[in-house]
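Input: a single structure, listed below in C-alpha cells.
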Amino acid sequence: MEQPKTLLTSLDSWQILQTHYNAIKDRHLRDLFREDPQRGERFSLQTLELYFDYSKHRITEETLRLLVRLAEDRGLAQCRDAMFAGEKINNTERRAVLHTALRAPAGSSILVDGHDVVPDVHAVLDQMQAFAIRLREGKWLGHTGKRIRNVINIGIGGSDLGPVMAFEALKSYTPRDMSFRYVSNIDGTDIAEATQGLDAAETLFIVSSKTFTTLETMTNAHSARSWILEQLGDEQAVAKHFVAVSTNLKEVAQFGIDTANVFAFWDWVGGRYSMDSAIGLSTMIAIGPDRFREMLAGFHQMDEHFRTAPLDQNLPVIMAMLNVWYANFFGANTVAVLPYEQYLHRFPAYLQQLTMESNGKRVTRDGAVVDYATGPIYWGEPGTNGQHSFYQLIHQGTHLIPCDFIAFRRPLNAIGKHHDLLIANILAQGEALAFGKTTDELRQEGVEQSLIPHKTFEGNRPSTTIFADRLTPEVLGKLIALYEHSVFTQGVIWDINPFDQWGVELGKVLANRIIGELDGSGKAVEHDSSTAALIRYYRD
Ligand code: F6P
C-alpha cells in the first residue's frame, strides 16, 4: 500500500483547510440554510435505498471540496484499492484486510498470496447454512435426543458484539420458539445468568474465538462444558452440544470439539470486522440462511459503492471526512450515534469496538507520534431514551458533539401512533440542535429575563440523519459497511493502521501476572503501592 509520505499537518490541503476553518468556523447553520433554500437537497444523497442527509453540518461546498482534496492527497483511492485487492495493509501484523471478501459474490476472485479466497468463503457459508438448517428444523439433536432450542454464543469483543448486535437488530426475523443468549464477560454472573433456567439437553454452545486462546472465552467455554457434563453426565455430550468458530483448529480439537463442527475463518478478517464471517453463525441460525445472505448482499452493495462512487458522493468518505473536520479542526472529541429504532439498541456498543479499537492510535503506520487528534470516542443510546438523559449536554453543554441520527420510514411493530411520534422526535432533535432558540425568540415569547440564558439554545450543533425504509438484514449490512469504510477512510487520513489492537495487550499480560498472586499459585510480583494495597485488600 502506498504510504502517504508528507506529514498530515504540513500538507497544503491541510493548511488550506485550516485557513478555511478560521474563515467559516463561526458561521451559523441558521445563516447557511437561510442563504441556500436548496441546502437540504444539495447536501444529501439518496443512494443504495438510503437517504443520507448531511446538510446540518457546519460546512459549505468549499469545505466539502477541500476535505475531498485532502482525501485525494492522502491517497485514499489507492489505499482503498489496495485493501480490496488483498494487499497486506495491516502492516504491524503483516496481514491482508479482507472483510470485503466475506461478502464477495460467488464466482468473483480475490487473491491472498496467490490463493483465491472467495471459494473458501462460500464453502464456509454453505457449511454454516447446512448446520443452521438442521438446527432450525430440529434435525440436529442433543445428546439425549432432544431438539436444540437454546443457542448460547460464547465470545468477547468482535466475537460477541457483532453477533449480539445483529441478533438484537434482527430479532423480529427470528423464531420465537428458540432462545439466543450471549456470554462474553469473565464475571461468572454472565454465564450463570445465561444458563439460568435452561435444559442442558436442549442447549448448544457456539464457542466463537478467532484465536481460541482468549482468557474470557476459554474460561466461559470450560464453565459451559462443566455445566453440560454436570447435567448430562457424559463426556460424549460435548460433541453434540458444542461447536466452534475459530481460525485455530488445533486448540479447538484440544478442547474436545469435533473438528467436523468447526466453522473456519481467516487471519485476514479482523475480530471487529468479523460479524459477517462464521462468527455470525448464531446470526445465521437466528435469522435463517436466506436472510443472512441478504445481509451479506447489503454489505456488498456498500462495498461496491465505496469502491466506485466519486469521493464527493461517497457515503463512507463523506461520513469519515466530516469526522476529520470536527475532530481535527473543531476539536470535537466524540461522536454520538443515536438510532431511533429500539432494535438497534446495541448498535452504538458494536460501533465502539469498530471505531475505537480501530482508530484509537497515537502513532502513524511507521511508528511516528502524531501531532493531531485521531479516533473520536463513540457513544450513544437509542432515541427517544437518550433525549431524557444525556441530550441536555448535547444541546446546551460546552462540548461540540456531532450526532448520527438513524431512522426508518416503516416500523417493524406498527402500534397506534408510536412510529409517527418516534419520527417526529428524531426530526425535532436534528432541527433543535442545528437552529436552537435565540434570545430574541425567547423575548418575543415573553420569557422572564432571568431565565433567558438558561432557555437559550445556541444551536449550530451538527448532525447527520440516515434514513432507510425499514430495518432489514440488507439494510443492516449496508449500515455496518458504511461505518467500516468510514473508519478505514479516517485511518488513511490520519496515517494510522486501523487493523491492529496492540493497546489491549498490556492489560492482558498484567492480569495474567496478578492471577497467580490472587490464588496463591504464582510468586509475588513487585507492584506499585496502590496495586499492592488493593491486592492485599482483596486477599484479606
Ligand atoms: O482483546 C481484543 C481482542 O483481540 C479483539 O480485537 C477481539 O475481537 C477479541 O479480543 C476477541 O478475540 P478472539 O476472537 O480471538 O477471542
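Pairing each residue of region 350-371 that is free of Cβ contacts under 8 Å to residues at least 40 places away in the same chain and of a type in the set (Lys, Arg) with any residue that is surrounded by fewer than 18 Cβ atoms within 10 Å (Cβ to Cβ) and outside any helix (DSSP H, G or I), provided the two are 6+ apart or on different chains, yields C-beta distances under 9 Å for Arg362/Val369; Arg362/Val370.
Look at (1) crowded, with 19+ Cβ neighbours inside 10 Å; (2) away from the ligand (no atom under 14 Å from the Cβ); (3) modelled with pLDDT of 95 or more and you find that Ser223 fails only one, number (1).
Just one of the listed residues (Leu32, Leu50) is in contact with a Phe, Trp or Tyr (Cβ under 8 Å, 6 or more places away or on another chain) and either within 30 Å of Gln301 (Cβ to Cβ) or surrounded by 15 or more Cβ atoms within 10 Å (Cβ to Cβ) (or both), namely Leu50. Within region 331-346, being crowded, with 23+ Cβ neighbours inside 10 Å and in a helix (DSSP H, G or I) holds for one residue alone: Leu344. Here Phe167 meets each of (1) closer than 17 Å to Gly157 by Cβ; (2) modelled with pLDDT of 95 or more; (3) within 16 Å of the ligand (Cβ to nearest atom) with one exception, condition (3). Residues that are within 30 Å of Glu35 (Cα to Cα), away from the ligand (no atom under 16 Å from the Cβ) and touching a helix residue (DSSP H, G or I) at 6+ places or on another chain (Cβ under 6 Å) are absent from region 414-432. Checked against (1) small (Gly, Ala, Ser); (2) more than 16 Å from the ligand (Cβ to nearest atom); (3) not in a loop (DSSP other than H, G, I, E, B), Gly138 passes all but a single condition, namely (3). Counting only strands (runs of 3 or more DSSP E) wholly contained in region 172-266, the ones carrying 3 or more residues that are aliphatic (A, V, I, L, M) and touching a helix residue (DSSP H, G or I) at 6+ places or on another chain (Cβ under 9 Å) occupy 203-208, 242-246. Filtered by the rule that a residue be closer than 21 Å to Lys146 by Cα, touching a strand residue (DSSP E or B) at 6+ places or on another chain (Cβ under 6 Å) and surrounded by fewer than 21 Cβ atoms within 10 Å (Cβ to Cβ), region 160-203 gives Ser179, Phe180, Leu198, Glu202. If the condition is being within 13 Å of the ligand (Cβ to nearest atom), of a type in the set (Gly, Ala, Ser) and free of Cβ contacts under 8 Å to residues at least 24 places away in the same chain, then region 477-522 contributes only Gly507. The single residue among Ala244, Ala239 that is at pLDDT 95 or above and either under 24 Å from Ala96 (Cα atoms) or away from the ligand (no atom under 16 Å from the Cβ) (or both) turns out to be Ala244.
Taken over region 354-374, the criterion of being within 16 Å of the ligand (Cβ to nearest atom), surrounded by fewer than 20 Cβ atoms within 10 Å (Cβ to Cβ) and not in a helix (DSSP H, G or I) is satisfied by Gly360 alone.
Of all the criteria given as (1) under 30 Å from Glu304 (Cα atoms); (2) without any contact (Cβ under 8 Å) to a residue 60 or more places away in the chain, the one not satisfied by Pro453 is (1). Hey, does region 43-65 have a residue that's within 27 Å of Gly270 (Cα to Cα) and β-branched (Val, Ile, Thr)? Within region 43-65, not a single residue is within 27 Å of Gly270 (Cα to Cα) and β-branched (Val, Ile, Thr). Taking the stated definitions as given, is Ala434 closer than 20 Å to His57 by Cα, at pLDDT 95 or above and surrounded by 16 or more Cβ atoms within 10 Å (Cβ to Cβ)? So Ala434 fits the description; yes.
Within region 267-297, the set of residues being among the charged types (D, E, K, R), away from the ligand (no atom under 13 Å from the Cβ) and part of a helix (DSSP H, G or I) comprises Asp290, Arg291, Arg293, Glu294. One residue stands out among those in region 512-540 that are surrounded by 10 or more Cβ atoms within 10 Å (Cβ to Cβ) and outside any helix (DSSP H, G or I): the one that is nearest to the chain's Cα centre (by Cα), which is His527.
Inspection of region 151-164 finds no residue satisfying the criterion of being in a loop (DSSP other than H, G, I, E, B), touching a helix residue (DSSP H, G or I) at 6+ places or on another chain (Cβ under 9 Å), within 30 Å of Leu229 (Cα to Cα) and away from the ligand (no atom under 16 Å from the Cβ).
Of all residues in region 298-330, those satisfying the criterion of being without any contact (Cβ under 8 Å) to a residue 24 or more places away in the chain and not in a helix (DSSP H, G or I) are Pro310, Asn314.
Among the residues making up region 94-120, those that are assigned to a helix (DSSP H, G or I) and either without any contact (Cβ under 8 Å) to a residue 60 or more places away in the chain or surrounded by fewer than 20 Cβ atoms within 10 Å (Cβ to Cβ) (or both) are Val118, Pro119, Asp120.
Of the residues making up region 241-256, those that are crowded, with 16+ Cβ neighbours inside 10 Å and not hydroxyl-bearing (Ser, Thr, Tyr) are His241, Phe242, Val243, Ala244, Val245, Asn248, Glu251, Val252, Phe255. Here is a check on your reading of the model: is Glu216 farther than 25 Å from His115 by Cα, within 13 Å of the ligand (Cβ to nearest atom) and among the acidic types (Asp, Glu)? Taking the combined requirement at face value, the residue satisfies it.
The values are calculated or read from the model by the stated rules, or taken from the named source; none is laboratory data. Since we're looking at a predicted model, the values are computed, not measured. Quick reminder, even Gly has a Cβ in these numbers, built from the backbone with ideal geometry, and neighbours come from all protein chains shown.
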